[in-house]
Amino acid sequence: MHSIQAISHFVHAHQFWAHIFLLVGVVVEGEFVLVVAGIVAHLKGFPFYEAFIFGSLGALAKTVIWYSIGLGMSKKYPNSKFFRYISGKVHSFLPQFKRQPFISIFISKFIYGINHFTLVFSGYTKIKLATYMKAEILSSLLWVPGLLSIGYFFSHTAFGISRDIRKFTLIVFAFVIGFIALERIIRLIFELFEQYKYGKEEE
């Protein structure tokens, strides 16, 4: 119990760096960082609303940064093999990206491992900025609180099972691994469904 409280006190005592970590972490690896932030919020390291604010700022920064990278790279390396690889990745999951960019960008936010590729590809292909930003902002309004709530729920459930720091950590770790595995399974099913659907439409 005391060890768990120590985690809360440590985060609370380093609020500035905790917020920076959350903001930067969402830009680099949003899903895992937001789930962890939800866990910390439940442990009273910082309020849930602060996690939402800085998580949302991180999501906005992620939206701008990765689009800008794609846009910049398209000017310097228009025929890059790397972007052909990204194009293949995006179209394997989102085969109707060109015809329905808004829906594709929105959906990509919830497909683990694909959103970064989609953001860079959007900049690379110069998707209309208004369409891009609208899809990203609307999806983030669901994505950020959704993942924070999952982390909060994991922590709440683990805390209810055991307050021993070692057992608590193992339970939370098992929840997170299970969540990532479930996301990957859903991503695989979604990819197969989209490829089948797109193949039927091409016939």
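Please treat every number below as a calculation from the coordinates, not as lab data. Computed from a predicted structure; not experimentally measured. When we count neighbours, we look across all protein chains shown, and the Cβ atoms used for this are built from the backbone with ideal geometry, even at glycine.
Structure notes:
- Taking the chain as the region of interest, the number of lysine pairs whose Cα atoms are within less than 16 Å, with members eight or more places apart or on different chains, is 12.
- For the chain, averaging the sequence separation of C-alpha pairs within contact (under 8 Å, six or more residues apart) and dividing by the residue count gives a relative contact order of 28 percent.
- The chain: DSSP helices with Cα axial extent of at least 24 Å and average Kyte-Doolittle hydropathy no lower than 0.5: 48-76, 129-161, 165-202
- Spin-label model distance (nm) - F16 vs E183, 7 Å beyond Cα toward Cβ: 3.0
- Taken about its Cα centre, the chain carries a charge dipole of about 500 debye when Lys and Arg each add +1 at the Cβ and Asp and Glu each add -1 at the Cβ.
- Charge-dipole axis of the chain as Lys and Arg at +1 and Asp and Glu at -1 on Cβ define it, positive-most pick from F121, S104, A51: F121
- Quarter of the Cα convex hull surface for region 86-137, i.e. its orientation-mean projected area (nm²): 3.0
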